[in-house]
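Enquirer: Quick one: structure below, then a few questions.
The values are calculated or read from the model by the stated rules, or taken from the named source; none is laboratory data. As the structure is a computational prediction, the values presented were derived from the model and not from experiment. No Cβ is skipped: glycine too gets one built from the backbone with ideal geometry, and neighbour counts run over all protein chains shown.
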Amino acid sequence: MAFEDNAFKAKDQELILEEPLSMRIDGKPYAVVMRTPGDEINHAAGFFLSEGLVNQRDDFATIGYCTEEGVNVVTATLRPERKRVVKDLLERRGFVSQTSCGICGKELVKDIFQIVKPVTKHLKMSIADVGSCFAKLVDQQSLYKTTRGAHAATILDTRLNPISFAEDVGRHNALDKAIGRVFMEKRLHESGLVVMSSRISYELVQKAARAGLEIIVALSRPTALAVELGSRLNMTLACIDTNDAVMVFCDKDRFQ
């Protein structure tokens, strides 16, 4: 129902879907997330990368749907040599990229630095390019335009050309899907920055750093913990503020 002209009127509205996705390693449950169906393999690959379980596409022996349970379960197997490296990560309870997990900020940053290294500095761009990069995100947001309920992430290469895009009910999922696509295509080395429709939380900084992305540009301001983590990881965090002003919160030197 829509309230128009001082009265409620029947009106069809498309709503975004939200369903659980179970991600398994060697047949054992690792994580369950609520997401918008679609792009499950890329989603799981991006998530496993952000968790430090894989560093490259070939760390997977296999990754695919669990045929008995449809598209809501993705299972991966790691190559034996990789499994030995991440043995401790596989045995821990819970996962790092999780807001409100009950860990204090200091301990959380310490935990993250076990799997994330500072990014290298190669990318330079103009402040004037920030607006055009954001426009490239908006142009692709078909799901948001029909549901008004989707977050989005687009990854651009060092020449600021879009090379991956994803939409999802969750901002973390959108980024995992976008990163997972270039990861599975073995194109992470081409990636330079990511543009997000959301605020910047620490999880997004972690995920972007694991993918080697140097800059995050977002619609809303970052959290204090995101800025602390971004600073320590040599990343640049920026957002579009009021009156289309660009706010830069750490490492402004990448902007010319």
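Enquirer: Any chance the range 136-157 includes a residue that's over 30 Å from ASP12 (Cα atoms), modelled with pLDDT of 95 or more, surrounded by fewer than 18 Cβ atoms within 10 Å (Cβ to Cβ) and more than 14 Å from the chain's Cα centre (by Cα)?
Expert: Yes, because at least one residue in the range 136-157 is over 30 Å from ASP12 (Cα atoms), modelled with pLDDT of 95 or more, surrounded by fewer than 18 Cβ atoms within 10 Å (Cβ to Cβ) and more than 14 Å from the chain's Cα centre (by Cα).
Enquirer: Of all residues in the range 169-217, which are aliphatic (A, V, I, L, M), more than 16 Å from LEU123 (Cα to Cα) and in contact with a helix residue (DSSP H, G or I) (Cβ under 8 Å, 6 or more places away or on another chain)?
Expert: Selection gives LEU175, ALA178, ILE179, VAL182, MET184, MET196, ILE200, LEU204, VAL205.
Enquirer: Now a separate question. Got at least one residue in the range 39-48 being at pLDDT 80 or above, assigned to a loop (DSSP other than H, G, I, E, B) and more than 18 Å from ALA209 (Cα to Cα)? It would help to see each step written out before you state the result.
Expert: Taking the range 39-48 as the starting set, the residues that turn out to be at pLDDT 80 or above are 39-48.
Filter once more, keeping what is assigned to a loop (DSSP other than H, G, I, E, B): 39.
With the extra rule that they be more than 18 Å from ALA209 (Cα to Cα), the set shrinks to 39.
So far as the range 39-48 goes, yes, one or more of its residues are at pLDDT 80 or above, assigned to a loop (DSSP other than H, G, I, E, B) and more than 18 Å from ALA209 (Cα to Cα).
Enquirer: If we scan the range 4-11, do we find a residue that is surrounded by 15 or more Cβ atoms within 10 Å (Cβ to Cβ) and either in a helix (DSSP H, G or I) or of a type outside the set (D, E, K, R) (or both)?
Expert: Looking through the range 4-11, none of the residues is surrounded by 15 or more Cβ atoms within 10 Å (Cβ to Cβ) and either in a helix (DSSP H, G or I) or of a type outside the set (D, E, K, R) (or both).
Enquirer: On to the next question. So LEU213 clears everything in (1) without any contact (Cβ under 8 Å) to a residue 40 or more places away in the chain; (2) in contact with a Gly (Cβ under 9 Å, 6 or more places away or on another chain); (3) among the hydrophobic types (A, V, I, L, M, F, W, C) except one condition, right? Which one?
Expert: (1)
Enquirer: What number of residues within the range 214-235 satisfy the criterion of being crowded, with 18+ Cβ neighbours inside 10 Å, in a helix (DSSP H, G or I) and in contact with a strand residue (DSSP E or B) (Cβ under 7 Å, 6 or more places away or on another chain)?
Expert: Going through the range 214-235 one residue at a time, the tally reaches 3.
Enquirer: Another question, then. Inside the range 207-219, can you point out the residues that are at pLDDT 95 or above and touching a Ser or Thr at 6+ places or on another chain (Cβ under 7 Å)? Outline the logic, then answer.
Expert: Residues of the range 207-219 that are at pLDDT 95 or above, as a first pass: 207-218.
LYS207, ARG210, ALA211, GLY212, LEU213, GLU214, ILE215, ALA218, listed by residue number.
Enquirer: May I pose another question? Answer with yes or no whether LYS252 is more than 25 Å from ALA76 (Cα to Cα), of a type in the set (D, E, K, R) and surrounded by fewer than 19 Cβ atoms within 10 Å (Cβ to Cβ).
Expert: Yes; evaluated as a whole, the condition is true for this residue.
Enquirer: Right, here's the next one. Under 9 Å between Cβ atoms, at least 6 apart or on separate chains: pull out the pairs that start in the range 31-55 with a residue that is in contact (Cβ under 8 Å) with a residue 40 or more places away in the chain and assigned by TED's automatic domain parsing to the domain that holds ASN72 and end on any residue that is among the acidic types (Asp, Glu) and part of a loop (DSSP other than H, G, I, E, B).
Expert: Partner pairs satisfying both residue conditions: ALA31/GLU51; MET34/GLU18; ARG35/GLU18; THR36/GLU18.
Enquirer: Something else about it: Is it fair to say LYS186 is modelled with pLDDT of 95 or more and either surrounded by fewer than 24 Cβ atoms within 10 Å (Cβ to Cβ) or assigned by TED's automatic domain parsing to the domain that holds ASN42 (or both)? Full working, then the answer.
Expert: Working: modelled with pLDDT of 95 or more: yes; either surrounded by fewer than 24 Cβ atoms within 10 Å (Cβ to Cβ) or assigned by TED's automatic domain parsing to the domain that holds ASN42 (or both): yes.
Yes: the conditions hold for LYS186.
Enquirer: Restricting to the range 86-113, give me the number of residues that are in a loop (DSSP other than H, G, I, E, B), surrounded by 11 or more Cβ atoms within 10 Å (Cβ to Cβ) and either among the hydrophobic types (A, V, I, L, M, F, W, C) or modelled with pLDDT of 90 or more (or both).
Expert: 6
Enquirer: What pairs come up if the first residue lies in the range 236-256 and is on the phi < 0 side of the Ramachandran plot, the second is of a type in the set (Phe, Trp, Tyr) and assigned to a strand (DSSP E or B), and their beta carbons are under 6 Å apart, counting only those six or more places apart or on different chains?
Expert: Qualifying pairs under 6 Å: LEU237/PHE249.
Enquirer: Residues to consider are VAL195, VAL116; find the one that is buried (at least 16 other Cβ atoms within 10 Å of the Cβ) and at pLDDT below 95.
Expert: VAL116
Enquirer: Charged (D, E, K, R) and either part of a loop (DSSP other than H, G, I, E, B) or closer than 27 Å to ALA31 by Cα (or both): is that true of LYS136 in this structure?
Expert: no
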